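Participant: Below you will find the structure I want to go over with you.
Just so it is clear, none of the values below were taken in a lab; they were calculated from the coordinates. Just so it is clear, the structure is predicted and the values come from calculations on it, not from any experiment. With ideal geometry, Cβ positions are generated from the backbone for all residues, glycine too; neighbour counts draw on all protein chains shown.
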Amino acid sequence: MNYILKNKLTDVGDPFEGEKKSNANEDFHQTYRPPDTQTIRLPDTQDIPPPLFSLYEADINAHIPTKPHENNECMFKLSQVLKTVERENNRKLTQYEIRQIFDYWASRAHHHFRTELTYEDYFAEFWRIFDATKCCHDESPLKEAFERAKQAPLPPGHERIESDEIKLLASFCYQLSLITGGTFFITAKDAAKLFTQVGTRQMNTRLGYLAREEIGVLKRFEKGRPGKASVYEYIGTEQPLKHQNSKTEES
């Protein structure tokens, strides 16, 4: 009977097969290994941010989402706070420090996480946004780009555009790409706040126009949605595949 039971249990298989068996002596000499911060979620009991970020606790807490579809916008603004920490400490944050502050933020924001995404999905997105963020939270890249655009020469590719108003928008996008070092985030709503004569709907149309393949001034990598800005790159220096500016073709 015992033999039969033993065989039955063996048929199930050892769920820990391949792992090193341990005994009391080996466990005594085992060294402590901290959790893998890349895959294990930390407890939701972080009452205060890590010491490095304590001076910015209010700024960090200001970017906790309060409703659905705010996660990406809040992560971008949180990333700007982290860039300020880097500037003030004159060094880059480590992966561990980035994860620390993400865990602090996520312990308060997870109620608005989408159920089809994992905790690690959100950390991966946060890390991507952090890498793409170039300005600190006390700086305004949009305002700076707008002021530069009004004074700088016309940007590369401006000859593909007819109206001065849209040329200025192209110049704004070009200056923003210089500030951010490449790709940049922008919503029609935020752009319309600077171009006060243009409504959000019209601004959305203009940005889409610049991103058309035939115009070839912007390239949109990711289309925005509520609470998440579109991601663009300025490509006006490249030759568009097909340009249909009638005035240019006639001249």
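Participant: Just want to confirm a number: the relative contact order over the range 141-250, from Cα pairs under 8 angstrom separated by 6+ residues, in percent. Mind dumping the intermediate values first?
Facilitator: Working: 149 pairs, mean separation 29.4, N = 110.
Reported relative contact order: 27 percent.
Participant: Find out how many positive minus negative residues lie around TYR232, taking Lys and Arg as positive, Asp and Glu as negative, among other residues whose Cβ is under 12 Å from that of TYR232.
Facilitator: Combined, the nearby Lys, Arg, Asp and Glu give +1.
Participant: Remind me, what semi-axes does the range 141-250 give for its equivalent ellipsoid, largest first in whole Å, using sqrt of 5 times each Cα gyration tensor eigenvalue?
Facilitator: Details: eigenvalues 82, 47, 40 Å².
Semi-axes (√(5λ), whole Å): 20, 15, 14.
Participant: Another question about this same structure. Sort ASP103, ASP138 so the one with the fewest other Cβ atoms within 10 Å of its own Cβ comes first.
Facilitator: So the residues, fewest neighbours to most, are ASP138, ASP103.
Participant: Sticking with this one: Anything over 28 Å Cα to Cα? Flag those among LYS67/LYS219; LYS167/LYS219; LYS92/LYS150; LYS67/LYS92; LYS92/LYS223, in the order listed. Provide the component values of the computation, followed by the final result.
Facilitator: Details: LYS67/LYS219 30 Å; LYS167/LYS219 16 Å; LYS92/LYS150 33 Å; LYS67/LYS92 31 Å; LYS92/LYS223 30 Å.
Cα-Cα > 28 Å for LYS67/LYS219; LYS92/LYS150; LYS67/LYS92; LYS92/LYS223; rest within.
Participant: Take the Cα of LYS193, step 7 Å along the line toward its Cβ, and report every residue of the range 68-105 whose backbone nitrogen sits under 17 Å from that point.
Facilitator: Residues passing the 17 Å test: 70-81.
Participant: While we're here: At 25 °C and 0.890 mPa s, grab the translational diffusion coefficient of the range 89-175 from Stokes-Einstein with a Kirkwood Rh over Cα pairs, rounded to a whole number in µm² per second.
Facilitator: Taking Rh from Cα pairs, D becomes 151 µm²/s.
Participant: Tell me the Rg and the Dmax, in Å, that the Cα atoms of the range 51-132 produce.
Facilitator: Calculated on Cα positions, Rg and Dmax stand at 12.1, 38 Å.
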